[in-house]
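Working notes, structure below.
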């Protein structure tokens, strides 16, 4: 027994030594998919975090201490995310800027909760991340259901009196989006003609499309992903329907247009407005461009996550994660490259920044 | 309105059913001759769809954009390469196991199916491969109120191709020496061998024909829906296999009938009831049919000769 203990001690000793951080530094981390099919997004997050740390350190750090950034690679794999989260917590990290995929952020947040680590995700939009999260979960991006608010009010204002169908694919993302849109549309006094689910992963939606045609539908709101959305609008146009498709941020990919071809013309979707064009980001965008980095996608979101955390820690006078979390919710709005950002009790941003984009001739642009 | 709606759904269902039928023929043929379910057949269909996409994009980059010419070349390319796949699969995975215990080729078939799926996933990527519509538009058959019954050119092309392929295939089986050899092998493999038929060659040819038909179905699928990935073979394969069983496995007209029925059941269930439960409906009808007709709709009862 004692032998086993001694052995365990010998094995664990090096880790214990490694876990003690240097005194005058604050350990923070950026975690996301640095490998795998979402690696571009992980790289964007890393670039944003690195730049933010460099800028903060150049201005004297946080509470007079320099920030040290560690990277974690979860490959958007929930299991790897949990193991990375444990590794980071063991290193004595107080704040994690991450992760990217909701399916990674959610399990990792449970580890961070147990270990007392603050987490701000720049990209995970699934409502469950903060809805079921603890005191430690925050995000600087919107939520899937906030898109529904923007979409629902838009449809009510512009398509009143038309025949509207709401479709969803029964996934957490798709159904959530469709239900929120329906809720806000109904609240504004517009009722849908048809509300139904479809089976994702199929190719043949012609029966569903004929059903829409029989109900004389002019507007489809679809909660789901680009492949099914593309197939449904393509088959609808092939059956001679004159219909406008409206959907969420999953359609902001060229894959959609490749399936639809010209039948995708005029399709609209909600997506965050381009943060590079905001006045608050101007000077940081210039810094990135000087390094020949295009701060596209989630670069500025990742930058803002670190920036806001640093501001809150400075104001709270400590890096203790629980106190910083309380300060994040109570204080604010915080000045960031994305503009002023405040958090509600769950850790979501109070003002979502979704706007409409439209597909035209093979590319999409803000409306 | 009611009738026009039903007519539109009938067109939808027949189109889907024809694609199922073309794949189902391959299942039923192999089962008829060697009594084995070739689970890799659905994946040959998927390979056919990918080969078609590769051919179409290759032709486009060579500047051959005349649609009929490009489609003809693609058809020949995909069907012949898929036929090669079919022959190789039989040679590598099934022939060495002939005469082994019954489950061995079945397991080998599942292994082959996984191999083909992973091969496509690794070599072509896991994402959906799209193809924009090549033959847009169609005919308006009739109007009822605001409802126009539309028959697209693509649906006509699918019907014509399927009927033509099945016609050629029926002629091959019933009117040629090769067909006679196939029918002889189907009746009694050992006896056919004793009477001087090269059974290995006949079985190989059966796989080749089945694979070519599956590849044609793959091309039609690609053109009609415009989105393929490495997984389509599994879904379509399960449906086509169901069609073959419903029609009576081993029976060629049964496979086509089964395909059409599955397509129509799925479509009409989605048209009048819940879209989400269409597969439940299709499989329930299969189960009920098998309770009353254990050999399927057109299947023969095997007479055990003592």
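The values are calculated or read from the model by the stated rules, or taken from the named source; none is laboratory data. What you see is a predicted model; the values in this text were computed from it and never measured. Counting neighbours? That spans all protein chains shown, and the Cβs are built from the backbone with ideal geometry, glycine included.
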* Kindly check whether there is at least one residue in segment B:120-127 that is modelled with pLDDT of 90 or more, within 29 Å of residue A:232 (Cβ to Cβ) and buried (at least 21 other Cβ atoms within 10 Å of the Cβ). => yes
* To do: Tell me, please, whether a residue that is within 12 Å of another protein chain (Cβ to nearest Cβ), at pLDDT below 90, more than 21 Å from residue B:87 (Cα to Cα) and assigned to a helix (DSSP H, G or I) can be found in segment B:218-235.
  => yes
* Take segment A:95-127 and flag every residue that is part of a loop (DSSP other than H, G, I, E, B) and surrounded by 21 or more Cβ atoms within 10 Å (Cβ to Cβ). => A:99, A:100, A:101, A:117, A:122, A:123, A:124, A:125, A:126
* Structure fact -> Over segment B:112-139, the set of residues more than 14 Å from chain A (Cβ to nearest Cβ), free of Cβ contacts under 8 Å to residues at least 24 places away in the same chain and within 18 Å of residue B:52 (Cβ to Cβ) is B:119, B:123
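On the basis of being within 14 Å of chain B (Cβ to nearest Cβ) and either free of Cβ contacts under 8 Å to residues at least 40 places away in the same chain or within 30 Å of residue B:3 (Cα to Cα) (or both), does residue A:113 make the cut?
Values: within 14 Å of chain B (Cβ to nearest Cβ): no; either free of Cβ contacts under 8 Å to residues at least 40 places away in the same chain or within 30 Å of residue B:3 (Cα to Cα) (or both): yes.
Spelling it out, it is not the case that residue A:113 is within 14 Å of chain B (Cβ to nearest Cβ) and either free of Cβ contacts under 8 Å to residues at least 40 places away in the same chain or within 30 Å of residue B:3 (Cα to Cα) (or both).
Which of the residues that make up segment A:159-193 are touching a strand residue (DSSP E or B) at 6+ places or on another chain (Cβ under 9 Å) and assigned to a helix (DSSP H, G or I)?
Taking segment A:159-193 and keeping what is touching a strand residue (DSSP E or B) at 6+ places or on another chain (Cβ under 9 Å), we get A:159, A:162-171, A:173-182, A:185, A:190-193.
Scanning segment A:159-193 gives A:173, A:174, A:175, A:176, A:177, A:178, A:179, A:180, A:181, A:182, A:185.
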* Some residue of segment B:156-174 being part of a helix (DSSP H, G or I) and touching a strand residue (DSSP E or B) at 6+ places or on another chain (Cβ under 8 Å) -> yes
* Among strands (runs of 3 or more DSSP E) lying entirely in segment A:251-367, which contain 3 or more residues that are surrounded by 15 or more Cβ atoms within 10 Å (Cβ to Cβ)? -> A:268-272, A:354-360
* Structure fact -> Counting only residues that are in a helix (DSSP H, G or I) and either farther than 10 Å from residue A:303 by Cβ or within 17 Å of the chain's Cα centre (by Cα) (or both), segment A:26-55 contains a total of 12
* To do: Could you tell me whether segment B:279-291 includes any residue that is within 14 Å of chain A (Cβ to nearest Cβ), free of Cβ contacts under 8 Å to residues at least 24 places away in the same chain, surrounded by fewer than 23 Cβ atoms within 10 Å (Cβ to Cβ) and touching a strand residue (DSSP E or B) at 6+ places or on another chain (Cβ under 6 Å)?
  => no
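Rundown of residues vs (1) within 14 Å of chain A (Cβ to nearest Cβ); (2) modelled with pLDDT of 95 or more; (3) assigned to a helix (DSSP H, G or I), yes/no style:
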| residue | (1), (2), (3) |
| --- | --- |
| B:3 | yes, no, yes |
| B:7 | yes, no, yes |
| B:28 | no, no, yes |
| B:38 | no, no, no |
| B:43 | no, yes, yes |
| B:60 | yes, no, yes |
